[in-house]
Amino acid sequence: MSYSKGRLKNFQVFPYLLTIFSSLYDLSDTYCSMFKKILWRISTRLRRLFGKNARTVWISHPIFLQHQPGPNHPDRPERISAIQTALKQEGIWRRLQTAEAPEIKDAQLALVHSRNYLHELEAAQPLPGKIHRIDDDTVICHDSLQAARFAAGAVVKAVDMVMNKKAWHAFCAIRPPGHHAHSNSAGGFCLINNVAAGVMHAIAQYRLQRIAVIDFDAHFGDGTAEILQDDPRVMFFNLFETDIFPFPQAEQYAGNKNMLHTPLKPGTGSRIFRTTIREQWLPKLTAFRPELVLLSAGFDGHKQDETGRLNLHEADFAWLTHKIVQATASCQGRVVSVLEGGYTLESMSKSAAAHIRVLAGLSKADYVVAYQKHLKRGKSNNPTP
């Protein structure tokens, strides 16, 4: 985008204005919440007004289409293009920056995964035109490992962009997903833990001490939990359905001081979901005062998704994103969202678009407003509370 000299001059002043407004969030808790909401709205409008740095950046790469786990596999290449189509239909796409993901460096990858595991992945690569099953769900083709390296590289780039104020928020449209990848093993469609790579890069490069990782995929983020357990620099918020892969047991999500695991029963709908987030997550997230937020953005909690049995609406993902952004005002933006699950194309793309709309600072979509009214009147189309 090109700017006139006058607008560019104003744009150079904008970071200072935004810093002033954002710093007011750090004042004493004696200031009322209404005042903070007013300041948030002012800063949001400033971000919209001053252009490029105020926007969310979409980070992706053509290599992600080359990850071909098979025609009947839920992680289809069309997932990314479906989100793009939804963004264009809703007029969101033109409000985004776009950037191409780089390949992650070996040194950055070594902060997350063991050398032996990475060698095992390289050795498992099949010949072109063939596939290799790591387990029943996790399938790779000849280009899958390269796609996974670029997926992790996308998150590293996103962290760099938000930390260096080249973007306010970032959405990484990547595949394969990552939150089931452990330090020493693949699983659940995942090869490299993309979010963990972003966390470790942020710590190594920027010496951050308070990073919030928020996983709202319907499946338990077991890989992320294993990699980040007991790390005092990270607070991990992990929402999941109880009786689906990887079938977590209670002892798996108990006892870690830096983790808040939130199990949801099958059929959980909008009201219980929102109440749970409001009561269990938001106070602790605000109190943690993160310097950076990374989201494992899974949209398989939607009621139409083929892999889960939660009963959420796309408006719930917009609501959740808005609450996260509000609660993490201490980090002055710096929200990196990373695509995880969501496998029914229509519901996944609608939910992702609703999520990105909020990150881009745009006004609420009509369907979000309508659904909110339904919930307030107690007339939700969702039969489960």
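The values are calculated or read from the model by the stated rules, or taken from the named source; none is laboratory data. Bear in mind the structure is a predicted one, so any value in this text is a computation, not a measurement. Because the Cβ atoms are built from the backbone with ideal geometry, glycine has one as well, and the counts that use them run over all protein chains shown.
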Q | Any pair with Cβ under 7 angstrom, 6 or more apart, that starts in the stretch 91-114 at a residue that is within 21 Å of Ile63 (Cβ to Cβ) and ends at one that is assigned to a loop (DSSP other than H, G, I, E, B) and charged (D, E, K, R) | A | Leu96/Arg55; Gln97/Arg55
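A quick yes/no check of all residues on (1) part of a helix (DSSP H, G or I); (2) loosely packed, with under 15 Cβ neighbours inside 10 Å; (3) hydrophobic (A, V, I, L, M, F, W, C); (4) without any contact (Cβ under 8 Å) to a residue 24 or more places away in the chain:
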site	(1), (2), (3), (4)
Ala197	yes, no, yes, no
Asp217	no, no, no, no
Phe220	no, no, yes, no
Ile227	yes, no, yes, no
Asp230	no, yes, no, no
Leu239	no, no, yes, no
Glu251	yes, yes, no, yes
Thr262	no, no, no, no
(Q) Going residue by residue through the stretch 362-375, is there one that turns out to be under 19 Å from the mean Cα position of the chain (by Cα), buried (at least 24 other Cβ atoms within 10 Å of the Cβ) and either assigned to a helix (DSSP H, G or I) or not acidic (Asp, Glu) (or both)? (A) no
Q: Could you grab the pairs with beta carbons closer than 7 Å, sequence gap of 6+ or different chains, first residue in the stretch 126-139 and in contact (Cβ under 8 Å) with a residue 24 or more places away in the chain, second one aliphatic (A, V, I, L, M) and assigned to a loop (DSSP other than H, G, I, E, B)?
A: Ile134/Ala186; Thr138/Ala186
Q: Can you confirm whether the stretch 321-331 contains a residue that is under 16 Å from the mean Cα position of the chain (by Cα), in a strand (DSSP E or B), within 20 Å of Met348 (Cβ to Cβ) and of a type in the set (A, V, I, L, M)?
A: no
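Please go through the stretch 119-143 and pick out each residue that is part of a loop (DSSP other than H, G, I, E, B) and closer than 22 Å to Pro74 by Cβ.
We begin by selecting, within the stretch 119-143, every residue part of a loop (DSSP other than H, G, I, E, B); these are 125-130, 134-138, 142-143.
Gln125, Pro126, Gly129, Lys130, Ile134, Asp135, Asp136, Asp137, Thr138, His142, Asp143, listed by residue number.
Quick one: which residue in Ala107, Ala124, Ala154 is buried (at least 19 other Cβ atoms within 10 Å of the Cβ) and at pLDDT 95 or above? First the steps, then the outcome.
Values: Ala107 fails: buried (at least 19 other Cβ atoms within 10 Å of the Cβ); Ala124 fails: buried (at least 19 other Cβ atoms within 10 Å of the Cβ).
Only one candidate qualifies: Ala154.
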Q: All but one of (1) in a helix (DSSP H, G or I); (2) in contact (Cβ under 8 Å) with a residue 40 or more places away in the chain; (3) more than 15 Å from the chain's Cα centre (by Cα) hold for Gln304, so report the exception by its number.
A: (1)
Q: Please list, ordered by first then second residue, the pairs with beta carbon atoms under 7 Å, 6 or more apart or interchain, first in the stretch 339-360 and farther than 19 Å from Lys323 by Cα and in a helix (DSSP H, G or I), second modelled with pLDDT of 95 or more and among the aliphatic types (A, V, I, L, M).
A: Leu345/Ala82; Met348/Ala82; Ser349/Ala82; Ser349/Ile83; Ser349/Ala86
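Inspect the stretch 280-288 for any residue being surrounded by fewer than 18 Cβ atoms within 10 Å (Cβ to Cβ), among the hydroxyl-bearing types (Ser, Thr, Tyr), touching a residue at least 24 places away in the same chain (Cβ under 8 Å) and part of a strand (DSSP E or B) and give the result as yes or no. Explain how you work it out, then say what you get.
First pass over the stretch 280-288, keeping only residues surrounded by fewer than 18 Cβ atoms within 10 Å (Cβ to Cβ): 280, 282-284, 286-287.
From the residues that got through so far, the ones that are among the hydroxyl-bearing types (Ser, Thr, Tyr) too are 286.
Right, trim to touching a residue at least 24 places away in the same chain (Cβ under 8 Å) and you get 286.
Then keep just the ones that are part of a strand (DSSP E or B); that gives none.
Scanning the stretch 280-288 turns up no residue that is surrounded by fewer than 18 Cβ atoms within 10 Å (Cβ to Cβ), among the hydroxyl-bearing types (Ser, Thr, Tyr), touching a residue at least 24 places away in the same chain (Cβ under 8 Å) and part of a strand (DSSP E or B).
Matching residues to (1) touching a helix residue (DSSP H, G or I) at 6+ places or on another chain (Cβ under 8 Å); (2) farther than 22 Å from Val358 by Cα:
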| site | (1), (2) |
| --- | --- |
| Thr262 | yes, yes |
| Pro266 | no, yes |
| Ala327 | yes, no |
| Gln332 | yes, no |
| Gly342 | yes, no |
**Q.** Residue check for Thr224: in contact with a Gly (Cβ under 9 Å, 6 or more places away or on another chain), more than 21 Å from Leu109 (Cα to Cα) and polar (S, T, N, Q)
**A.** no
Q: Being within 20 Å of Trp93 (Cα to Cα) and either of a type in the set (Ser, Thr, Tyr) or touching a His at 6+ places or on another chain (Cβ under 7 Å) (or both) is the filter here, so list the residues in the stretch 163-190 that pass it.
A: Arg175
